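Throughout, read-outs are computed from the coordinates displayed, never taken from laboratory work. Note that this is a predicted model, so its numbers are computed, not measured. Cβ atoms come from the backbone with ideal geometry, glycine included; neighbour counts cover every protein chain shown.
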Amino acid sequence: MNVMLEMDLTYAKIPEYAGINITELIRGSVVVKHDVLLKANFTPEYEKVLKNATKEIEQKINHITNEQVMMDNNCTSLLCFKENATKVQSISITQYNPEEKCREKAGKDFADYFFVVYKDQEAKCISRCEPGFNTSMNCNFGKCTMERSGPRC
């Protein structure tokens, strides 16, 4: 079994786990510095979901470190964490602002008339002319068009 597979098994029960990125291998007893990659559906709570997953990763690493080192400092597992060398360092979350991206996509002339709504846990960039949403304009069987002054029936 290789190191990446063992790490995958270590983090597998965390739903947001998306893999690892090995950033450095150091000689001696193999030291593997790695980033744990997390992925979450974009919902208004995505930052909270990722922060919780990060805490789970840290708890998992600390638990495994204690479990695998405590047996007389003799580790029989394929992947062993060394107690004084295991560190969980800073966490970075890629920021994404769907409102900003939506307005960018709409263009300067129409940006004020487009906004984000969530449907089936997915961000949708719409205007009031988009049918099927609570915010949709009712044109009474007419057609909604987007003008520089906004949506019109």
Q: Assuming R0 = 22 Å, can you tell me the calculated FRET efficiency for the pair THR145 and GLU104, based on Cβ-Cβ distance, to the nearest 0.05?
A: 0.50
Q | Potential extension, ILE26-ASN41 segment - 0.36 nm per residue separation minus Cα distance | A | 1.9 nm
Q: Neighbouring Cβ atoms within 10 Å as the yardstick, rank GLU45, GLU16 fewest first.
A: GLU45, GLU16
Q) Among the lysines, which have Cα under 28 Å from the Cα of LYS55 when same-chain residues fewer than 8 positions away are ignored? A) LYS13, LYS33, LYS39, LYS82, LYS87
Q | Nitroxide proxy distance, nm - points 7 Å out along Cα→Cβ at ALA12 and TYR118 | A | 3.0 nm
Q) To the nearest 20 debye, what charge dipole does region 98-152 have about its Cα centre, counting +1 at the Cβ of each Lys and Arg and -1 at the Cβ of each Asp and Glu? A) 180 debye
Q.
Along the Cα→Cβ direction, 7 angstrom out, place labels at ASN97 and LEU5. What is the inter-label distance in nm?
A. 4.5 nm
**Q.** Summed residue charge, Cβ within 13 Å of PHE133's Cβ, Lys/Arg positive, Asp/Glu negative
**A.** 0
